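Asker: Structure below; questions to follow.
The values are calculated or read from the model by the stated rules, or taken from the named source; none is laboratory data. This structure is a prediction, so every number in the text was calculated from the model and none was measured. Here the Cβ is made from the backbone with ideal geometry for all residues, glycine too, and neighbour counts use every protein chain on show. For the accessible areas, the whole protein counts, side chains as well, though only heavy atoms, and no ligand, DNA or RNA atoms are used. Shrake-Rupley method; radii C 1.70, N 1.55, O 1.52, S 1.80 Å.
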Amino acid sequence: MEKLVLLKDTAVPMPMEDIDTDQIIPARFLKAIDKKGFGDNLFYDWRYDKNDKPNSSFILNNPIYSGSILVAGKNFGCGSSREHAAWALFGYGFRVVISSYFADIFKGNALNNGLLPLQVSPEYLDLILDRLSTDPNTEIEVNLEEQYVQLLPDGHREKFEIDDYKKMCLLNGYDDIDYLLSLEDKIKDFESNRSYVHKTIRK
Amino acid sequence: MGKTLFDKIWDAHVVHAVNASQEVLYIDRHFIHEVTSPQAFAGLRDRGIGLFRKDQTVATADHNVPTINQHLPIEEPLSRIQVETLTKNCAEFDVNLFGLGHENQGIVHVIGPELGITQPGMTIVCGDSHTSTHGAFGTIAFGIGTSQVEQVFATQTLLVSKPKKMRINIEGQLSEGVLSKDIILYLLAKLTAGGGTGYFIEYAGEAIESLSMEARMTICNMSIEMGARGGLIAPDQKTFDYIQGRDYAPSGQEWTEALAYWKTLKTDSDAEFDLEYTFQASDIEPMVTYGTNPGMGLKVTENIPSGLSSSKQESFSKSLEYMGLQADQPIQGLAIQNVFIGSCTNSRMEDLRIAAKYVQGKKVKEGVRAMIVPGSQQVSKQAIAEGLDKIFTEAGFEFREAGCSACLGMNEDKIPMGEYCVSTSNRNFEGRQGPGARTILASPLTAAAAAIHGKIVDPREN
C-alpha cells in the first residue's frame with residue numbers, strides 16, 4: 001500500500017449526495033481478475049455518453065478542474081461492497097476523498113488501499129464546495145499526521161478524526177493483513193477456548 | 001444493564017482489542033463468489049500462504065453466470081474467465097465450491113440458508129454487501145471488500161470497529177397484499193439511503209415476528225441500502241424449524257447443543273440501543289421506488305414528491321431526469337416494459353409462489369418482457385416440482401436458470417436503455433440493470449401485477 005502523509009493539491013468537486021459504487025465503477029467493469037486498469041472506467045456512465053464519447057458536462061471532463069482530491073456530497077460510496085470502487089478512484093489518481101459522510105464498507109475499502117476518506121463537517125464541506133466553484137484553482141492541504149485539512153492560501157482549516165491504528169497504517173503504508181497474521185497464536189487460542197463452536201462446513 | 005442480541009454475538013467473537021475502536025473479530029463462515037475473490041486469492045499466492053480455515057469457507061458462481069444454457073461454456077469471454085478463475089482458485093486452495101452445474105449452485109445469499117450453512121449466533125462475511133441477508137437467522141452478517149476477503153482467507157478474522165446499535169420495531173399486523181419487501185422499502189423511504197450508516201439494526205415487533213424466514217431474509221437483505229452494516233432478527237421456533245434437517249445443519253446431539261445455545265440469542269429486556277424507531281404495520285402499503293436510490297420510494301397510491309430537502313435537491317432532479325419522471329406525478333399507471341423477479345432479495349420459493357398465484361390463468365401484457373430467475377438450483381427444482389414453471393411460461397414469463405442476473409446486469413440479462421423495469425431486486429441505481437435502464441423496485445406481488453397490466457398498479461385492487 002502507498003503511504004500518505006501530507007498532500008497539497010487542487011480538487012474536483014462532485015456535490016451530489018449518495019454517490020453509489022455502481023456509479024463509481026459500473027458492474028460490467030468488475031470482470032477483471034487483477035486490480036489494474038479500473039481508473040480508466042471510473043464514473044464511466046457519467047464520464048462517457050452512450051456512444052462512449054466523453055460527456056463534456058461531467059466534471060472529470062472539465063479541464064478547469066483537476067487534482068488528486070475529490071470533494072463529494074454526503075453518503076459517498078454507498079451501495080455495493082465492491083473494492084473496485086476504491087481501486088478505480090486510486091487508479092485514476094485520487095488520493096483523498098473529502099465528504100461529510102462515507103458509507104461504511106467504502107470507507108474501509110479506501111483505507112485498505114491508501115485512499116484517505118476524509119470526513120468533514122457539513123458546513124466545512126459547503127465551504128470547500130463554495131470555494132471550488134468560485135476558484136477552481138483553490139489548493140487544499142491535507143495533513144494526516146496533524147489530522148487537519150485546510151484551504152489555501154487563507155488557511156481556513158478543520159481538524160478531522162481518524163482511528164489511530166488506521167492512521168498509523170496510512171502513514172507507513174501498512175495493510176491489515178500483516179498485523180492479523182502476527183496474531184495467529186491468539187486466534188488459535190480463541191478457537192480452542194470457545195464455549196460453543198459451529199461445526200465446519202465440509203462433510 | 002442487559003445486552004442486545006448484537007452485543008451477545010459480537011462479544012463472543014472478539015479475539016483481541018487493538019485499541020478503543022478497532023477489534024479483531026473471529027469469522028465463522030466465509031462465502032465467496034467469482035467477482036470479489038480473484039484478487040484475494042492472488043494476494044495469498046503472493047504471500048505464499050493458504051487458507052487458515054478452509055472448512056469454514058464456501059464458494060459459488062452467481063454474479064455473472066448466464067441464466068440460460070448453463071450446461072454450455074459461458075459465451076462472454078470475461079465472465080467465462082472469471083468463473084473459470086474461481087474454479088481454478090478453489091481447486092488450488094482446496095475450497096468447497098458449488099460451481100456452475102452443481103446441484104447446490106445459486107446466489108450466495110440464497111444457498112447459505114438453504115443448505116443450513118447459515119446458523120444463529122454466527123459471524124458471516126462475504127465480499128458482497130447483501131451478506132446482511134443472513135441476519136434473518138440471528139447472525140452478524142455483513143459485506144466486506146476484497147482486501148478483507150484476503151484477511152479472512154489468511155486469518156479467519158477481520159479488523160473491524162463495532163457499529164452502533166439501532167432497533168426498528170414494526171408493531172401490529174401487515175394488511176393483505178403487503179409483503180416484507182414493502183416493509184423494507186417503507187423503512188428506506190422513511191429513514192433514507194444513508195439513515196443507517198454506522199449502525200447495525202435489529203428488527204423486532206409483532207409484524208417482524210409473524211414473518212416467515214424467507215420474508216425475514218428480504219428485510220435483512222436490504223439493511224445495507226440504509227447504509228447499515230447489517231440487520232438481524234432474533235432466532236425463534238420458525239428459525240429452528242427452518243434449519244432442522246438441512247444438509248449442513250447440526251443433527252443428533254449436536255442439534256440439541258446448538259438449540260440450547262440458539263435459544264439464548266435474544267436481546268435482554270433492559271438492553272439499550274443507540275437509536276430506536278417504532279412504526280405501525282398498518283401504515284405500510286405496497287411500495288415502489290421512483291428515483292435512483294432505494295430510499296426514494298413511495299406507496300403505490302402516492303404521487304412523486306415535489307422535492308426533497310435542499311441538500312438533496314440536485315440528486316432529486318438528476319434522479320427524476322434519469323427516470324423520465326416528473327415531480328408530483330402519480331406513479332400508478334406508469335407504463336413499463338420489463339419485469340424482473342429474482343435476486344438475493346426476492347428469488348426464493350415463497351416469492352415465486354406469490355407471483356405464480358397472481359399470474360395463474362393471466363397473460364403478460366403485450367410488449368412486456370417478464371423474467372423469473374430462481375435464486376438457486378434447488379429453488380428452480382422445487383418450483384418445477386410444484387409446476388410453477390408452467391404457470392409462468394403459460395402466462396408469458398421466461399423461466400430462467402439460477403443466478404444474480406438482471407439485478408446487476410453482469411451477464412447478458414440487461415434492461416435496454418431508457419426502458420422501465422419493475423424489479424424485485426435491491427438497487428435502483430443509475431445503470432444498475434444496464435446502461436440507461438430505469439429500475440422501479442417492488443415486491444414480487446407488485447412486480448407480477450405490473451407484468452400482467454403493463455403498468456404500475458396497486459396489486460390489492462388489480
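Asker: On a 28 Å Cα-Cα criterion, which of the cross-link pairs A:Lys74/A:Lys186; A:Lys159/B:Lys318; A:Lys36/B:Lys312; A:Lys35/A:Lys107; A:Lys31/A:Lys107; A:Lys167/B:Lys266 come out too long?
Answerer: Details: A:Lys74/A:Lys186 39 Å; A:Lys159/B:Lys318 32 Å; A:Lys36/B:Lys312 34 Å; A:Lys35/A:Lys107 18 Å; A:Lys31/A:Lys107 22 Å; A:Lys167/B:Lys266 36 Å.
Violating the 28 Å limit, Cα to Cα: A:Lys74/A:Lys186; A:Lys159/B:Lys318; A:Lys36/B:Lys312; A:Lys167/B:Lys266.
Asker: Could you work out Rg/(2.2 N^0.38 Å) for the stretch B:288-453, with Rg from alpha carbons only? Don't skip to the answer; put the middle values down first.
Answerer: Values: Rg = 15.7 Å, N = 166, 2.2 N^0.38 = 15.3 Å.
Taking N as the residue count of the stretch B:288-453, the ratio is 1.02.
Asker: How many Å² of accessible surface get buried when B and A come together, counting both sides, probe radius 1.4 Å, rounded to the nearest 100?
Answerer: Numbers: alone 17610 and 11830 Å², together 23320 Å².
In total, chains B and A hide about 6100 Å² from solvent.
Asker: Report the per residue volume, in Å³, of the convex hull enclosing the C-alpha atoms of the stretch A:64-203. Please report the intermediate quantities before stating the final value.
Answerer: Working: hull volume 22.2 nm³, N = 140.
Expressed per residue, the convex hull around the Cα atoms of the stretch A:64-203 is 158 Å³.
Asker: While we're looking at this one, here's another question. Using 23 Å as the Cα-Cα cut-off, could you pick out the over-long pairs in B:Lys190/B:Lys362; B:Lys365/B:Lys390; B:Lys238/B:Lys299; A:Lys3/A:Lys166; B:Lys190/B:Lys414?
Answerer: Details: B:Lys190/B:Lys362 35 Å; B:Lys365/B:Lys390 17 Å; B:Lys238/B:Lys299 29 Å; A:Lys3/A:Lys166 12 Å; B:Lys190/B:Lys414 30 Å.
From B:Lys190/B:Lys362; B:Lys365/B:Lys390; B:Lys238/B:Lys299; A:Lys3/A:Lys166; B:Lys190/B:Lys414, over 23 Å: B:Lys190/B:Lys362; B:Lys238/B:Lys299; B:Lys190/B:Lys414.
Asker: What whole-number value in Å² describes the accessible area per residue of chain B for a 1.4 Å probe?
Answerer: Numbers: 14700 Å² over 462 residues.
Value returned for chain B: 32 Å² of accessible area per residue.
Asker: As an exercise, identify the chymotrypsin sites (Phe, Trp or Tyr not before Pro) in the stretch A:163-203 lying in DSSP coil whose Cβ has no more than 16 other Cβ atoms within 10 Å. The partial results should precede the final answer.
Answerer: On the way: sites: A:Tyr165, A:Tyr174, A:Tyr179, A:Phe190, A:Tyr196; in loops: A:Tyr174, A:Tyr196.
Sites meeting the loop and neighbour criteria: A:Tyr174, A:Tyr196.
Asker: Please report the accessible area of B:His102 (heavy atoms, 1.4 Å probe, ligands and nucleic acids excluded) in Å², nearest 10.
Answerer: Roll a 1.4 Å probe over it and B:His102 shows about 70 Å².
Asker: Okay, moving on. Calculate the mean, over all residues of peptide B:4-15, of how many other protein chain Cβ atoms lie within 10 angstrom of the residue's Cβ. Each step should come with its number before you reach the end.
Answerer: On the way: counts 0, 0, 0, 0, 0, 0, 0, 0, 3, 2, 1, 8.
Mean inter-chain Cβ contacts per residue within 10 Å come to 1.
Asker: With equal scatterers on the alpha carbons only and no solvent term, can you work out the Debye log10 of I(q)/I(0) for the stretch B:140-180 at 0.33 1/Å?
Answerer: -1.20
Asker: Semi-axes, largest first, in whole Å: what does sqrt of 5 times each Cα gyration tensor eigenvalue give for the stretch A:45-96?
Answerer: On the way: eigenvalues 78, 46, 26 Å².
Calculated on Cα positions only, the semi-axes equal 20, 15, 11 Å.
Asker: If you don't mind, another one. Arranged from highest to lowest average of other beta-carbon atoms within 10 Å per residue, in what order do the peptides A:34-45, A:97-108 appear?
Answerer: On the way: A:34-45: 17.2, A:97-108: 26.0.
Going by the mean number of other Cβ atoms within 10 Å, highest first, we get A:97-108, A:34-45.
Asker: I'd like the mean, over residues of B:261-268, of how many other protein chain beta carbons sit within 10 Å of each residue's own Cβ. Write down the numbers at each step before the final one.
Answerer: Numbers: counts 4, 1, 0, 1, 0, 0, 0, 0.
Averaged over the peptide's residues, the number is 1.
Asker: To the nearest whole percent, what portion of all C-alpha pairs in the stretch B:413-453 is separated by more than 14 angstrom?
Answerer: Values: 329 of 820 pairs.
I get 40 percent for the Cα pairs in the stretch B:413-453 exceeding 14 Å.
Asker: Would you be so kind as to list the residues of the stretch A:23-47 that have their accessible area lowered by at least 20 Å² in the full protein complex compared with their chain by itself (1.4 Å probe)?
Answerer: The answer is A:Gln23, A:Ala27, A:Arg28, A:Leu30, A:Lys31, A:Ile33, A:Lys35, A:Asp45, A:Trp46 - residues whose exposure falls by at least 20 Å² when every protein chain is included.
Asker: Can you list the trypsin sites (Lys or Arg not before Pro) in the stretch A:150-185 that are in a DSSP coil and have 14 or fewer other beta carbons within 10 angstrom? Please report the intermediate quantities before stating the final value.
Answerer: Details: sites: A:Arg157, A:Lys159, A:Lys166, A:Lys167; in loops: none.
Within the stretch A:150-185, no trypsin sites (Lys or Arg not before Pro) qualify (loop, at most 14 other Cβ atoms within 10 Å).
Asker: Another one. Working from Cα positions, state the angle (0 to 90°, nearest 10) between the long axis of helix A:122-134 and the longest principal axis of chain A.
Answerer: Roughly 40 degrees, rounded to the nearest 10.
Asker: Another one. Could you work out what % of the accessible surface of the protein assembly as shown is carbon and sulfur, using a 1.4 angstrom probe and leaving DNA, RNA and ligands out of the count? Provide the component values of the computation, followed by the final result.
Answerer: On the way: 11100 of 23320 Å².
So the carbon and sulfur contribution to the accessible surface is 48 percent.
Asker: Per 5 Å bin, what is the whole-percent P(r) computed from every C-alpha pair distance within the stretch B:5-161?
Answerer: The percentages, shortest bin first, are 2, 9, 19, 22, 20, 14, 8, 4, 2, 1, 0.
Asker: Output the relative contact order of chain B, whole-number percent, from Cα pairs under 8 angstrom with separation of 6+ residues.
Answerer: With pairs under 8 Å counted, the relative contact order is 17 percent.
Asker: Further, regarding this structure: Normalised by the number of residues in the stretch A:1-98, what is the relative contact order in percent for Cα pairs under 8 Å and 6+ residues apart?
Answerer: On the way: 159 pairs, mean separation 42.7, N = 98.
That works out to 44 percent.
Asker: When only alpha-carbon atoms are used, what values of Rg and Dmax, in angstrom, describe the protein assembly as shown?
Answerer: Gyration radius and largest Cα-Cα distance of the protein assembly as shown: 23.6, 72 Å.
Asker: Contact order normalised by length for the stretch B:256-336, with contacts defined as Cα pairs under 8 Å and 6 or more residues apart; what percent is it? Walk me through the numbers on the way to the answer.
Answerer: Working: 64 pairs, mean separation 19.7, N = 81.
With pairs under 8 Å counted, the relative contact order is 24 percent.
Asker: Please compute, for peptide B:139-145, the average count of beta-carbon atoms on other protein chains lying within 10 Å of each residue's beta-carbon. Write out the running numbers ahead of the final one.
Answerer: Numbers: counts 0, 0, 0, 3, 5, 6, 15.
Mean partner-chain Cβ count within 10 Å for B:139-145: 4.
Asker: Please report the spacing between the Cα centers of the stretch A:60-133 and the stretch B:137-204 in Å, no decimals.
Answerer: 24
Asker: Still on this structure, I have one more. Can you tell which of B:Thr133, B:Asn89, B:Ser212 lies farthest toward the positive end of the dipole of chain B, using +1 and -1 charges on the Cβ of basic and acidic side chains (Lys, Arg; Asp, Glu)?
Answerer: Checking the options against the dipole of chain B, the answer is B:Asn89.
Asker: Chain B: longest stretch without exposed trypsin sites (Lys or Arg not before Pro) (DSSP loop, at most 15 other Cβ within 10 Å), sites themselves excluded? Could you put the intermediate results ahead of the total?
Answerer: Working: sites that count: B:Lys263, B:Lys363.
Free of exposed loop sites, the longest segment is B:1-262.
Asker: Okay, moving on. Please list, by residue number, every one of the GluC sites (Glu not before Pro) in the stretch B:127-207 that is coil in DSSP and has at most 15 other beta-carbon atoms within 10 Å.
Answerer: Numbers: sites: B:Glu150, B:Glu171, B:Glu176, B:Glu202, B:Glu206; in loops: B:Glu176.
Listed in order of number, the matching sites are B:Glu176.
Asker: Also: What number, rounded to the nearest 500 deg cm²/dmol, is the helix-based mean residue ellipticity at 222 nm of the protein assembly as shown, given -39500 (n - 2.57) per DSSP H run of at least four residues and division by all its residues? Numbers along the way, then the final one.
Answerer: Working: 23 runs with 205 residues, N = 665.
Helix contribution divided over all residues of the protein assembly as shown: -8500 deg cm²/dmol.
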